[in-house]
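The values are calculated or read from the model by the stated rules, or taken from the named source; none is laboratory data. None of the values given here were measured: they were computed from a predicted structure. So basically every Cβ, Gly included, is an ideal-geometry build from the backbone, and we count neighbours across all protein chains shown.
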Amino acid sequence: MLSAMGLCMRSPFAVLSVAVRLVVMAAALALAASAPARAAGATPLVSVDWLAAHRGDPDVVVLDIRSAIDGGGTDAFAKDREQTELIAAYEQRVQAVARRVVGSVTATLSRAPAATGESVLGGVIADAQLAATLAEPDGGAALAFTNPGGIRTDILKREDGMVTYADLFASQPFGNQLVTLTLSGAQIKRLLEQQWLGQQTPRILQVSKNFSYLWDAARPAGERVAVDAITLNGQPIDPAARYRVTVNGFLAQGGDGFAVLREGTAPRTGLPDVEALATYFEANSPVSPGPLDRIRRAN
């Protein structure tokens, strides 16, 4: 149960995240009382975490919130005073957090992938996650991967070039904490192969600037990345060596089919991804689009 005590939270991500959840919950409560929900005999379940955990469950019926709104389903119900006051309190705090300038860009940072699967914004985010976990107390990372599905929008260049916390939150809204874990070089090679294994479409992981590899589209799935074409700091990785690798919490649990990450050892949890990105912008602005040369493709 969310309460006014949540206003004491200091994390910018926490403030924005709770505000979003409040809005979703308010809409869900209205939907639960709407005609479509009553007709379906629905029991209201308004926990965002519960819904995420049970996504795809055949016994869970999700009614479109927009249908209740478009059909006037929410107009017949008075606003709950306590919920309204709580949402208003968060909205007031959110404005200061969202408008805070964290840095600047020289051009739009696009999430659109090149033919190799690499994107400008994906590289920036991977670099930010490596920077946040590079120091030994923070994880001692040697490289970082991030999933393209976690990058929701471009970071657009405004006329003045300024970037706000809201811009970063729009791009990285899930609040996945960073996890640094140990993988062997052979496991890293398997990780790269899983970009094509069991996927409806390839899921090309975005990589930090000190890491590079070549993949061959003409090779069969499971054999597209030669181990001697994978380099870290300009040197081929050693299949038997151990490397500290940073990913987000979703990937660390095997999300998006990257099951090998569940084999990682000595995990260390760090900042939420958006906070790592904000810290990176504060330290490295203006941020410019870099060359797309980390991931190379043959055929």
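Okay, here's what the table says:
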| read-out | value |
| --- | --- |
| Matching residues in the range 214-227 - criterion: being over 13 Å from Arg190 (Cα atoms) and touching a helix residue (DSSP H, G or I) at 6+ places or on another chain (Cβ under 9 Å) | Leu214, Asp216 |
| Tabulated pairs, the range 200-215, first touching a residue at least 12 places away in the same chain (Cβ under 8 Å), second among the acidic types (Asp, Glu) and surrounded by fewer than 17 Cβ atoms within 10 Å (Cβ to Cβ), C-beta under 7 angstrom, 6+ apart or interchain | none |
| Hey, Ala276 in a helix (DSSP H, G or I) and in the same structural domain as Val163 (by TED's automatic domain parsing) or not | yes |
| Subset of the range 193-216 that is at pLDDT 95 or above and aliphatic (A, V, I, L, M) - its residue that is surrounded by the fewest Cβ atoms within 10 Å (Cβ to Cβ) | Leu214 |
| Options Leu134, Leu109, Leu130; residue that is in contact with a strand residue (DSSP E or B) (Cβ under 7 Å, 6 or more places away or on another chain), at pLDDT 95 or above, closer than 24 Å to Tyr243 by Cα and crowded, with 17+ Cβ neighbours inside 10 Å | Leu130 |
| Residue in the range 283-298 that is in a loop (DSSP other than H, G, I, E, B), within 23 Å of the chain's Cα centre (by Cα) and either on the phi > 0 side of the Ramachandran plot or without any contact (Cβ under 8 Å) to a residue 60 or more places away in the chain (or both) present | yes |
